[in-house]
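**Q** Structure in structure tokens, see below.
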Amino acid sequence: MAVPGAAALPLLLLLSGAAAGCGYQSCPPTRPDMLNVHLVPHTHDDVGWLKTVDQYYYGVRNQEQHAGVQYILDSVVAQLAAHPARRFVYAEVAFLARWWQQQDTATRRLVTELVQQGRLEFVGGGWCMSDEATAHYGAALEQLGLGRRLLRRLFGACGTPRVAWQIDPFGHARDLAATFAQVGYDGLFLGRVDHQDKRARLQRRELELLWRGSTSLEPPRADIFTGILPNMYNPPTGLCWDQLCSDPPVVDGDGPERNVDAVVTSFLQAAHSQAQQYRTNHILMTMGSDFHYENAHLWFKNLDKLIVHTNARQANGSRVHALYSTPSCYLRELHRANLTWPLKTDDFFPYSDGPHQFWTGYFSSRPALKGYERLSSGFLQVCSQLEALAGPSVRGGPYGPGDSSVLREAVAVAQHHDAVAGTERQHVANDYARQLARGWDSCQVLVANALSLLGGTKAPFEFCNGLNVSVCPLSETSPHFTVILYNPLAWPVAWPVRLPVKGSSYAVSDPQGRPVASQVVPVSGVTQRLRGGAGGAPGELLFQARAPPLGFSTFEVKQVSPGGPREPPRWSSGDLEPWIENEHLRVLFDPVTGHLREIQNLARGFSLPVFQSFYWYNASTGDGQSPQASGAYIFRPNGSTPFPVAERAATHLLKTAVVQELHQNFSAWCSQVLRLRPGQPYLELEWTLGPIPVADELGKEVISRFQTPLRTAGRFYTDSNGRQVLERRRDYRPTWNLSQSEPVAGNYYPVNTRIFIKDQKVQLTVLTDRSQGGSSVLDGSLELMVHRRLLRDDGRGLAEALDEPGQDGRGLVVRGRHLVLLEPAAAAADLHRPRAQEMVTPPYLVLAPGPGPHLREFSGLRRALPPNLHVLSVEPRGAGTLLLRLEHLFERGESRNGSQPVTVDLTTLFSAFTITSVREMALGGDVPLDSVSRLLWNTPTGIPKPRPVPPLDPRSVRLEPMEIRTFLASVQY
Ligand SMILES: *[C@@H]1O[C@H](CO)[C@@H](O)[C@H](O)[C@H]1NC(C)=O
Ligand SMILES: *[C@@H]1O[C@H](CO)[C@@H](O)[C@H](O)[C@H]1NC(C)=O
Ligand SMILES: *[C@@H]1O[C@H](CO)[C@@H](O)[C@H](O)[C@H]1NC(C)=O
Ligand SMILES: [Zn+2]
């Protein structure tokens, strides 16, 4: 089979003076007897922040921020071509991809030469520089793969970056470190780490280390050399020569402005003091910053002079050698030094740049965008799977052209560290949502084509994007329609369907024509207000649908009787204690206050008092200790005790055969529904919040807090990028002696999918439907920040308060879900692992009028996979080729059964196509696994050596805990 990406490149003429080859072969000579200063020209080009991606690319709105990426790339290429010794590194492929499309052949050839000679080097090389706290590992990996694939297609092996470059994200995640290692990077460079951590590391000379990204994978698979840059990603003071800077240029000659001697002296001082903090006779200086090099001549001309004049001093005994270099050339020198590096196993959260400056607010900022991003990356998997399962003709099927690429790029852009992070300006957030919506349009065409091809119908499919607020034109108006449920998971799911309807009863039948229990319940007052004028159905039809793995089932719905829903039984205060139950759980509420009071696990025979309510922290606007205000980045409450939104909730109960619900109304802007359905071993909490009132001029940060009597000794657990789980301890950091100055904000951690507390026996887990900040501020409690509305900027460059206007300008309303799981601690992972996956890639509903497709049920798999195995990627890659990723969902030692290795036969797994040949790839999917050779590093416990890659037998693919295996498969339909 032909593996894409390995195309032969034309022979290129070497420019005189340039090194031969790229990568480590192209590194400039260094001086073993001197301090070598690696000057790394770079630009940091945010894929949206104060301006949209388009505005940054073209240089629109320059009065707000002067930045035009097209000019940066034009200018850098010309300046590199002018002088062979000059180097430049570039990171953000989203911009490069646009620029490349607009270049003529001669420019493309020139750029290719620069890359082949290592003069232009890619670092990071993802579509963007992804956020680390709020990005889910699946989406983060997709965006990395998307960028790297393009680089490889354009430039071959020389385009493949050797170092990961996360110079601006606000804290760093362990799972992402493991990802970088497995994608094949040799090193990772970071700009921001906590100021206390940095000071301690600087004293111990531990700014460079080996980061072990996983406790499940055998070292060195998830190990990555990690360097913390000295000056974030900026140049040393006084040496900034961009048009955006105001330092004086290097003035040589004899005139009165001559300053070259002073500049060189100050440079040498900076070099010597930096060298004190690092271990070898090599140091790296980042010569660039945000959107620098638009007029690259300024930077390069001054750097040329700095290098010449610095090195001229060697004749007078100076022992400093300055050179143009790149992060990978610097890394190679560190490797050659053959030192033993400290080992790190925890992560870099939370990040603070001062005692009252914890960057833990962005874990929750812009909850609607975070929700839409999560929903979109789940839908991307649906789109991509159907694109693969239905075969190539699906892109031009009966509903027109559609494919997954628009959504893939939009989701990739949304991973940027000012996108899903919620730290962009409002108009930029709107633009990210616009890009995602365009992606949905194209994918919905593709889904229609796929269902038509697979199901044999030309029905006018309908996609109900407004189901979260109970809006769906087809179900509202039609007495006869079909619901198609597509399941992107590799095991069968039972899924609650909830559709707005006009009638009072319906007959629902499953794919085999058998009746399915259903019920019409009234649309809640909260939902009616929320949907505004968008829909008018009085009721919601509820039933449980099932769908097979990687496949769909159809459910036919016929109205039996018209008229609105019948009034459900109501409970009002004064009655007996209200409760809801199913076969797994019974949930009790306080009859006076309406709060959740106790959860009983009926199957396991134990119970736990659990109190839950909503509170708000009053956002600081600065105080006597510090002028720091809470903002989009920073969380700073002005007190440790949050205020309850309400002391009690008005409640009503709804008990039917298909669902039991308790509705809580805390206030006009805060309500919640607690739900149990037959068969579901968890409690669902659907919260609706907003507009947060700010007429009192107080910024508010709203949390949902759960309180239990569990003795948790300051410990709680949060996930890393939705995958690994890390233990957190209140007022504690594993690698330095913490001086805690923000008892709430300084204990917040990112939660992508789950947070839990436990004692010896019992574990209470909360799963989220989007990224949020979370903590356990008091023993036995856990909390998640669900919404924030702030009136001040926090002084990190955004210059805008996080005060989202929402649909009508009165303030954002958000609705989301938490799933609460109460299990014996030893068995908890068996439940939360697969459930969390269902939250990330939920089934997708499509509607059609009348009876719908002929084929009532379809599965892309021949058999379901066990609950510890997930099909992470099924993605078309050119003619007859698919990228496949299989993933073990459990960590080592987490579950007696779940953590066992699993073996699958890849050749007989899929029913939609036959795999004719398969090649194993590194995690990014862009390079064959057996071609990856990474630098090995000494640790205090020796040099871990990778196991040789065994020959692949696709009939027997074994996955160890936390392992993801990536394949490029040739297939026939
Ligand atoms: C080297 O030292 C001599 C004598 O002090 C001085 O004249 C000359 O400028 C120095 N050269 C450099 C490059 O500093
Ligand atoms: C690197 O250091 C180790 C001891 O830490 C030594 O055994 C080994 O020979 C050294 N390798 C080289 C290439 O110097
Ligand atoms: C409902 O979902 C849409 C995206 O499909 C999102 O834009 C909107 O904010 C959600 N509404 C609420 C109230 O959460
Ligand atoms: Zn940035």
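The values are calculated or read from the model by the stated rules, or taken from the named source; none is laboratory data. Since this is a predicted model, take the numbers as computed values, not measurements. Here the Cβ is made from the backbone with ideal geometry for all residues, glycine too, and neighbour counts use every protein chain on show. These area figures cover heavy atoms from the full protein model, side chains too; ligands, DNA and RNA do not enter into them. Shrake-Rupley method; radii C 1.70, N 1.55, O 1.52, S 1.80 Å.
**Q** Among the numbered criteria (1) buried (at least 20 other Cβ atoms within 10 Å of the Cβ); (2) in the same structural domain as Gln760 (by TED's automatic domain parsing); (3) more than 22 Å from Arg546 (Cα to Cα), which single criterion is violated by Leu819?
**A** (3)
**Q** Counting only residues that are of a type in the set (A, V, I, L, M) and touching a helix residue (DSSP H, G or I) at 6+ places or on another chain (Cβ under 7 Å), which one in segment 780-821 is farthest from Gln837 (Cα to Cα)? Before you say what the answer is, go through the steps one by one.
**A** So in segment 780-821, the residues of a type in the set (A, V, I, L, M) come out as 782, 784-786, 790-791, 798-799, 801-802, 812-814, 819-821.
Those left that are additionally touching a helix residue (DSSP H, G or I) at 6+ places or on another chain (Cβ under 7 Å): 786, 812-814, 819, 821.
Values: Val786: 20, Leu812: 28, Val813: 26, Val814: 22, Leu819: 12, Leu821: 14 Å.
This residue is Leu812.
**Q** Enumerate the strands (runs of 3 or more DSSP E) found wholly within segment 116-209, keeping only those where 3 or more residues are touching a residue at least 12 places away in the same chain (Cβ under 8 Å) and within 30 Å of Gln357 (Cβ to Cβ). If you could, list the steps in order and put the result at the bottom.
**A** Values: elements: 120-122, 163-166, 187-190.
It comes to 163-166, 187-190.
**Q** Check segment 480-496 and report whether any residue there is more than 28 Å from the chain's Cα centre (by Cα) and farther than 28 Å from Ser452 by Cβ. If you could, list the steps in order and put the result at the bottom.
**A** First, the residues of segment 480-496 that are more than 28 Å from the chain's Cα centre (by Cα): 480-484.
Pick out the ones that are also farther than 28 Å from Ser452 by Cβ and you get none.
No - not one qualifying residue is present in segment 480-496.
**Q** Criterion first (within 16 Å of ligand 2 (Cβ to nearest atom) and either of a type in the set (Gly, Ala, Ser) or not in a helix (DSSP H, G or I) (or both)) does Thr280 satisfy it? Reasoning before the result, please.
**A** Details: within 16 Å of ligand 2 (Cβ to nearest atom): yes; either of a type in the set (Gly, Ala, Ser) or not in a helix (DSSP H, G or I) (or both): yes.
Considered against the rule, which asks whether it is within 16 Å of ligand 2 (Cβ to nearest atom) and either of a type in the set (Gly, Ala, Ser) or not in a helix (DSSP H, G or I) (or both), Thr280 comes out as yes.
**Q** Which condition breaks for Glu424 when tested against (1) within 16 Å of ligand 4 (Cβ to nearest atom); (2) farther than 24 Å from Glu92 by Cβ?
**A** (2)
Every residue, every condition in (1) among the polar types (S, T, N, Q); (2) surrounded by fewer than 17 Cβ atoms within 10 Å (Cβ to Cβ), yes or no:
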| site | (1), (2) |
| --- | --- |
| Ser741 | yes, yes |
| Tyr749 | no, no |
| Ser776 | yes, no |
| Gly780 | no, no |
| Val814 | no, no |
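Matching residues to (1) open to solvent by less than 20 Å² (accessible area, probe 1.4 Å); (2) within 23 Å of Ala848 (Cβ to Cβ); (3) not assigned by TED's automatic domain parsing to the domain that holds Gly816:
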site: Pro515; (1), (2), (3): no, yes, yes
site: Arg529; (1), (2), (3): no, no, yes
site: Gly535; (1), (2), (3): yes, yes, yes
site: His584; (1), (2), (3): no, no, no
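**Q** Considering only segment 694-707, state which residues are open to solvent by 20 Å² or more (accessible area, probe 1.4 Å), part of a loop (DSSP other than H, G, I, E, B) and of a type outside the set (A, V, I, L, M). Please lay out each step first, then the result.
**A** First pass over segment 694-707, keeping only residues open to solvent by 20 Å² or more (accessible area, probe 1.4 Å): 694-698, 707.
Next cut, part of a loop (DSSP other than H, G, I, E, B) only: 694-698.
Correct list: Asp696, Glu697.
**Q** Now a separate question. From the residues in segment 708-718 that are of a type outside the set (Ser, Thr, Tyr) and part of a strand (DSSP E or B), which one is most open to solvent (accessible area, probe 1.4 Å)? Please lay out each step first, then the result.
**A** First, the residues of segment 708-718 that are of a type outside the set (Ser, Thr, Tyr): 709-711, 713-716.
Keeping just the survivors that are part of a strand (DSSP E or B) gives 715-716.
On the way: Arg715: 79, Phe716: 0 Å².
Here the answer is Arg715.
Each row is one residue, and each column tells you yes or no for (1) more than 30 Å from Lys198 (Cα to Cα); (2) within 16 Å of ligand 1 (Cβ to nearest atom); (3) of a type outside the set (Asp, Glu); (4) out of contact with any strand residue (DSSP E or B) (no Cβ under 9 Å at 6 or more places or on another chain).
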| residue | (1), (2), (3), (4) |
| --- | --- |
| Cys329 | no, no, yes, no |
| His335 | no, no, yes, no |
| Leu339 | no, no, yes, no |
| Tyr351 | no, no, yes, no |
| Ser364 | no, no, yes, no |
| Glu373 | yes, no, no, yes |
| Asp403 | yes, no, no, no |
| Glu409 | yes, no, no, yes |
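**Q** Which one is nearest to Arg754 (Cα to Cα) among residues in segment 719-735 that are part of a strand (DSSP E or B) and open to solvent by less than 30 Å² (accessible area, probe 1.4 Å)?
**A** Within segment 719-735, the subset part of a strand (DSSP E or B) is 719-720, 724-729, 733.
Within this subset, residues satisfying the condition of being open to solvent by less than 30 Å² (accessible area, probe 1.4 Å) are 719-720, 724-726, 728, 733.
Working: Asp719: 6, Ser720: 9, Gln724: 10, Val725: 9, Leu726: 11, Arg728: 13, Arg733: 20 Å.
Looking at residues that are part of a strand (DSSP E or B) and open to solvent by less than 30 Å² (accessible area, probe 1.4 Å), I get Asp719.
**Q** Specify the residue that is nearest to Gly622 (Cα to Cα); the eligible residues are those in segment 308-351 that are more than 32 Å from the chain's Cα centre (by Cα) and either within 16 Å of ligand 3 (Cβ to nearest atom) or in a loop (DSSP other than H, G, I, E, B) (or both).
**A** Here is the first cut: in segment 308-351, the residues more than 32 Å from the chain's Cα centre (by Cα) are 308-324, 333, 336-340.
With the extra rule that they be either within 16 Å of ligand 3 (Cβ to nearest atom) or in a loop (DSSP other than H, G, I, E, B) (or both), the set shrinks to 317-319, 337-339.
Details: Gly317: 52, Ser318: 49, Arg319: 48, Ala337: 47, Asn338: 48, Leu339: 46 Å.
Among those residues, the one meeting the criterion is Leu339.
**Q** For segment 293-313, what are the residues that are within 12 Å of ligand 1 (Cβ to nearest atom) and open to solvent by less than 40 Å² (accessible area, probe 1.4 Å)?
**A** First pass over segment 293-313, keeping only residues within 12 Å of ligand 1 (Cβ to nearest atom): 308-313.
Correct list: Thr310, Asn311.
**Q** May I ask you to list the residues in segment 825-846 that are out of contact with any Leu (no Cβ under 9 Å at 6 or more places or on another chain) and open to solvent by 30 Å² or more (accessible area, probe 1.4 Å)?
**A** If the condition is that a residue be out of contact with any Leu (no Cβ under 9 Å at 6 or more places or on another chain) and open to solvent by 30 Å² or more (accessible area, probe 1.4 Å), then Ala826, Asp830 are the ones that fit.
**Q** Out of (1) buried (at least 22 other Cβ atoms within 10 Å of the Cβ); (2) without any contact (Cβ under 8 Å) to a residue 24 or more places away in the chain, what's the single condition that is false for Thr105?
**A** Thr105 satisfies all of (1) buried (at least 22 other Cβ atoms within 10 Å of the Cβ); (2) without any contact (Cβ under 8 Å) to a residue 24 or more places away in the chain except (1).
**Q** Does Val406 fit the bill of being touching a Leu at 6+ places or on another chain (Cβ under 8 Å), in contact (Cβ under 8 Å) with a residue 24 or more places away in the chain and more than 16 Å from ligand 4 (Cβ to nearest atom)?
**A** Numbers: touching a Leu at 6+ places or on another chain (Cβ under 8 Å): no; in contact (Cβ under 8 Å) with a residue 24 or more places away in the chain: yes; more than 16 Å from ligand 4 (Cβ to nearest atom): yes.
No.
**Q** Is it the case that some residue within segment 384-401 is closer than 30 Å to Arg636 by Cα, crowded, with 20+ Cβ neighbours inside 10 Å and under 20 Å from the mean Cα position of the chain (by Cα)?
**A** Start the filter on segment 384-401 by keeping residues that are closer than 30 Å to Arg636 by Cα, which leaves none.
No, segment 384-401 contains no residue that is closer than 30 Å to Arg636 by Cα, crowded, with 20+ Cβ neighbours inside 10 Å and under 20 Å from the mean Cα position of the chain (by Cα).
**Q** Look through Leu244, Leu210, Leu217 and report the one residue that is at pLDDT 95 or above and open to solvent by 40 Å² or more (accessible area, probe 1.4 Å). Quick ask: steps written out before the conclusion?
**A** On the way: Leu210 fails: open to solvent by 40 Å² or more (accessible area, probe 1.4 Å); Leu217 fails: open to solvent by 40 Å² or more (accessible area, probe 1.4 Å).
From the options Leu244, Leu210, Leu217, the qualifying one is Leu244.
**Q** What's the total number of residues in segment 910-943 that are within 20 Å of Pro219 (Cα to Cα), buried (at least 17 other Cβ atoms within 10 Å of the Cβ) and not aliphatic (A, V, I, L, M)?
**A** Here the count works out to 5.
**Q** Only one of these conditions is not met by Val592: (1) more than 36 Å from the chain's Cα centre (by Cα); (2) open to solvent by 70 Å² or more (accessible area, probe 1.4 Å); (3) within 30 Å of Ser475 (Cβ to Cβ). Which number is it?
**A** Of (1) more than 36 Å from the chain's Cα centre (by Cα); (2) open to solvent by 70 Å² or more (accessible area, probe 1.4 Å); (3) within 30 Å of Ser475 (Cβ to Cβ), only one is false for Val592: (3).
**Q** Consider Gly354 carefully, then state whether it is part of a loop (DSSP other than H, G, I, E, B), modelled with pLDDT of 95 or more, of a type outside the set (A, V, I, L, M, F, W, C) and more than 16 Å from ligand 2 (Cβ to nearest atom).
**A** Working: part of a loop (DSSP other than H, G, I, E, B): yes; modelled with pLDDT of 95 or more: yes; of a type outside the set (A, V, I, L, M, F, W, C): yes; more than 16 Å from ligand 2 (Cβ to nearest atom): yes.
For Gly354, the condition - part of a loop (DSSP other than H, G, I, E, B), modelled with pLDDT of 95 or more, of a type outside the set (A, V, I, L, M, F, W, C) and more than 16 Å from ligand 2 (Cβ to nearest atom) - is met.
**Q** What are the pairs, 6+ residues apart or on separate chains, where a residue within segment 322-338 that is open to solvent by less than 10 Å² (accessible area, probe 1.4 Å) has its Cβ under 8 Å from a residue that is within 16 Å of ligand 4 (Cβ to nearest atom) and not basic (Lys, Arg)?
**A** These pairs meet every condition: Thr326/Val89; Thr326/Val123; Pro327/Val89; Pro327/Val123; Pro327/Trp165; Pro327/Phe189; Ser328/Val123.
**Q** So is Trp579 aromatic (Phe, Trp, Tyr), open to solvent by 20 Å² or more (accessible area, probe 1.4 Å) and farther than 25 Å from Val846 by Cβ or not? Before you say what the answer is, go through the steps one by one.
**A** On the way: aromatic (Phe, Trp, Tyr): yes; open to solvent by 20 Å² or more (accessible area, probe 1.4 Å): yes; farther than 25 Å from Val846 by Cβ: yes.
The answer is yes for Trp579.
**Q** So which residues in segment 536-559 are among the hydrophobic types (A, V, I, L, M, F, W, C) and under 18 Å from Arg514 (Cβ atoms), if there are any at all? Don't jump to the end; show me each part of the working.
**A** To start, the set of residues in segment 536-559 that are among the hydrophobic types (A, V, I, L, M, F, W, C) comprises 537, 541-543, 545, 547, 550, 552, 555, 557.
Leu541, Leu542, Phe543, Ala545, Ala547, Phe552, Phe555, Val557 - these are the residues of segment 536-559 that are among the hydrophobic types (A, V, I, L, M, F, W, C) and under 18 Å from Arg514 (Cβ atoms).
**Q** Looking at this structure, is Gly378 open to solvent by less than 10 Å² (accessible area, probe 1.4 Å), away from ligand 4 (no atom under 16 Å from the Cβ) and not in a helix (DSSP H, G or I)? Talk me through it step by step, then tell me what you get.
**A** Numbers: open to solvent by less than 10 Å² (accessible area, probe 1.4 Å): yes; away from ligand 4 (no atom under 16 Å from the Cβ): yes; not in a helix (DSSP H, G or I): no.
So Gly378 fails the test.
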